[in-house]
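Input: one structure, supplied below.
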Amino acid sequence: MNLIRLSPQLLEPYNALPFDVYDARGRLLLAAGRGIDGATRAHLQRWDLYADAAQSRVWRERVALARWRARQGRHATPGESAPAAARVEPPRLSLAQEWTMLAMALESALREPLPDGAWVREAQAVRLRARHVAAQASDASLCHLIYTAGLHTNLYSCHQALRRLLVAGGCARVLGWSEAQVASLECAALTMNVALRQLQDMLTQRDTGLSAGLRQQVVQNPREGARLLAAAGVADPVWLGAVLLHREAPRTAQPLAALAPAQQAAWLLRRVDMLCAKLSRRGRRAPLNGLQAMREACLGPEGQSDEIGAALLQTLGLYPPGSFVRLASGETALVLARGRRACAPLAGAFADADGLPLPAPRLRDTAQPEFAVEGASDPARVLVRPNHEKLLALLR
């Protein structure tokens, strides 16, 4: 980590920062995404502040540009009563940067699950920010998180938690759950692997089996996670119950309405977690294609589609955003957004029938017969890796 000096004056206009702040010895003073209230700002002013050069680069560049523009505006209107620099806007992050920063903020929150409860409050702040980002670009957020799941395993546990939050929250709303129950479910989605985060990140880098000791740690994860949450002050029975019960597989199909709210949340969380794992790279194991992952995830305990499967299908479609498809035109495309029908999403074509890159990506409505989806493409067989941010720009 390459730490560089950060002026405390740069913190004044902002309520939160998209990167960690350290002291001169590299000790964490402020986690990325954590709110900066008056007391926090006063505490930070007592230290020499540092930030990782790479993590803060985009923010620093945009702050410099905003301050330069503010100075230009001030000089152009010398009679202004308040200096323009006092109203500097926080630098705008791209969608990819937003989700990267959220994963880093969640990793920082879950790093030390102490009984003081600070980590729980930080995780809840991540949930609120994630909901805000997703509300601005729901399909694009799903596309980004699912596409990148097949590319890398960086901060695997926290990226998976964010995927679970979006998918589980979407399913819960389709099912008509109350906002209070949705909030409990989303909190559980973010924190259910708090006791397993470091081990999960390690295991995704290798393809060997689990030792008896590691297997026991995995088995104990739900109970230990619920214990850590309770010790930190969480008393929400749906949140705690979903974390405690999420690994229990139902033996028979039952209507969700017949279950207690915590059990409903646990069953939904289990299925969403399985789907997200199928769509993700782990070690040398490539992810499943989107269609195969959806077909497996939509089946209930008796091998038939059920309420959760129907909710998953309505939330993601048959071909989830972020997955690859082959079109009737011969083109290879990335699914960008859900369409009017589950089998007819909006897609961004990036390679022709010969597998060669197109001069420029093209938006395709697969409800049109000439661009209909002919099938899903396995990520490992897609030779051209598109710039998915450029593809997402087609939606705008």
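Specify whether the C-alpha gyration tensor of the stretch 328-396 places it in the rounded, prolate or oblate class, a ≥ b ≥ c being the square roots of the eigenvalues: rounded for a/c under 1.5, otherwise prolate if a/b is larger than b/c and oblate if not.
Cα axes put the stretch 328-396 in the oblate bin.
While we're here: If you keep only loop residues by DSSP, which trypsin sites (Lys or Arg not before Pro) in the stretch 268-358 have at most 11 other Cβ atoms within 10 Å of their Cβ?
Answer in residue order: Arg284.
Which is the longest part of the chain that has none of the GluC sites (Glu not before Pro) sitting in a DSSP loop with at most 11 other Cβ atoms within 10 Å?
After excluding every exposed loop site, the longest remaining stretch is 81-301.
In nm, what is the difference between 0.36 nm times the number of residues separating Ala253 and Arg25 and their Cα-Cα distance?
So the extension gain works out to 76.5 nm.
Could you give the alpha-carbon Rg of the stretch 95-316 over 2.2 N^0.38 Å, rounded to two decimals?
0.94
Convert each backbone phi in the stretch 285-291 into a coupling constant with the Karplus relation 6.51 cos²θ - 1.76 cosθ + 1.60 (shift: θ = phi - 60°), then list the ³J(HN,Hα) values in order as whole Hz, x for Gly and Pro.
7, 6, x, 6, 5, x, 5
Rounded to the nearest 0.05, what FRET efficiency is calculated for Ser138 and Ala367 with R0 set to 22 Å and r the Cβ-Cβ distance?
E(calc), rounded to 0.05, equals 0.70.
Taking a ≥ b ≥ c as the square roots of the eigenvalues of the Cα gyration tensor of the stretch 86-169, is the shape rounded (a/c under 1.5), prolate (a/b larger than b/c) or oblate?
In terms of gyration-tensor shape, oblate.
Would you calculate the convex hull of the Cα atoms in the chain and tell me its volume per residue in Å³?
176
Just check the stretch 142-238 against the gyration tensor rule for me: Cα atoms, a ≥ b ≥ c as the square roots of the eigenvalues, rounded for a/c under 1.5, and otherwise prolate or oblate depending on whether a/b exceeds b/c. Working shown, then result.
Details: a/c = 2.58, a/b = 1.21, b/c = 2.13.
In terms of gyration-tensor shape, oblate.
The numbers here are math on the coordinates, done by the rules we state, and not lab data. It should be emphasised that the depicted structure is a prediction, and the values quoted were computed from it without experimental measurement. Neighbour counts run over all protein chains shown; Cβ positions are idealised from the backbone, glycine included.
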